[in-house]
Each structure stands twice: as structure tokens, then as C-alpha cells.
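Worksheet: one structure, shown below.
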Amino acid sequence: MATVSEGFAKYCPNVVVTENASKADYVLEAWKSQGLWHLALLNKDGDLLMATHFSHSLNDHFKSACRKINAKAAQLNF
């Protein structure tokens, strides 16, 4: 949780990270397998919005997730 909070604070400061799923607009699943980090961003209905599988820094995952979240927010605020 701390790593996720730090990543979003750095790359997406408009995102509030919570462990309370009932308050969340998005769900982020993260796991490490065979040295690679994988992230899946889902909306609250469980629809997959994006998935990453970068072998390098976890920062790239946060940047990608933030771009997707901000793009969705911009669509809602037209």
C-alpha cells in the first residue's frame, strides 16, 4: 500500500488512494511474477481499463495508470 500511495502521490497527485473499495472509483491490482511487475486498472464495475507488464521501474506503471485515470476524468468533465 505504501509503494502504491507513493507512486500515485508522485505521478498523479489528484488521485486519493484508499483501501475502502466501496469508496473507490477504480481498483488497482498489482503483482510481481518472474521479476516483472504487472498492474491491472479496473473500474468499479470490474471492467479492465488497462494492464501493464513492464520489466523496468514501477514508475512506468504509475504513469500509465495516471494517464488512464486522468483521461477518464476528462471525459466525465466535458
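Of all residues in the range 47-62, count the ones that are of a type in the set (Ser, Thr, Tyr) and either over 22 Å from ASN14 (Cβ atoms) or at pLDDT 70 or above (or both). Don't jump to the end; show me each part of the working.
Residues of the range 47-62 of a type in the set (Ser, Thr, Tyr): 52, 55, 57.
Then keep just the ones that are either over 22 Å from ASN14 (Cβ atoms) or at pLDDT 70 or above (or both); that gives 52, 55.
Within the range 47-62, residues that are of a type in the set (Ser, Thr, Tyr) and either over 22 Å from ASN14 (Cβ atoms) or at pLDDT 70 or above (or both) number 2.
If I ask for residues that are among the charged types (D, E, K, R) and either at pLDDT below 85 or within 16 Å of PHE62 (Cα to Cα) (or both), which ones from the range 9-27 would you list? It would help to see each step written out before you state the result.
Within the range 9-27, the first condition is being among the charged types (D, E, K, R), and the residues that meet it are 10, 19, 23, 25.
Correct list: LYS10 only.
Select from the range 18-59 the residues that are more than 21 Å from LYS72 (Cα to Cα), in contact (Cβ under 8 Å) with a residue 24 or more places away in the chain and touching a Leu at 6+ places or on another chain (Cβ under 8 Å) and list them in ascending order.
Within the range 18-59, just TRP37 meets the criteria.
Against the definition (surrounded by fewer than 16 Cβ atoms within 10 Å (Cβ to Cβ) and in contact with a Gly (Cβ under 8 Å, 6 or more places away or on another chain)), how does ASN59 come out, yes or no? Break it down into steps so the answer makes sense when it comes.
Values: surrounded by fewer than 16 Cβ atoms within 10 Å (Cβ to Cβ): yes; in contact with a Gly (Cβ under 8 Å, 6 or more places away or on another chain): yes.
So ASN59 passes the test.
The values are calculated or read from the model by the stated rules, or taken from the named source; none is laboratory data. No experiment lies behind these values; they were computed from the predicted model shown. Using ideal geometry, Cβ is built from the backbone for each residue, glycine included, and neighbour counts are taken over all protein chains shown.
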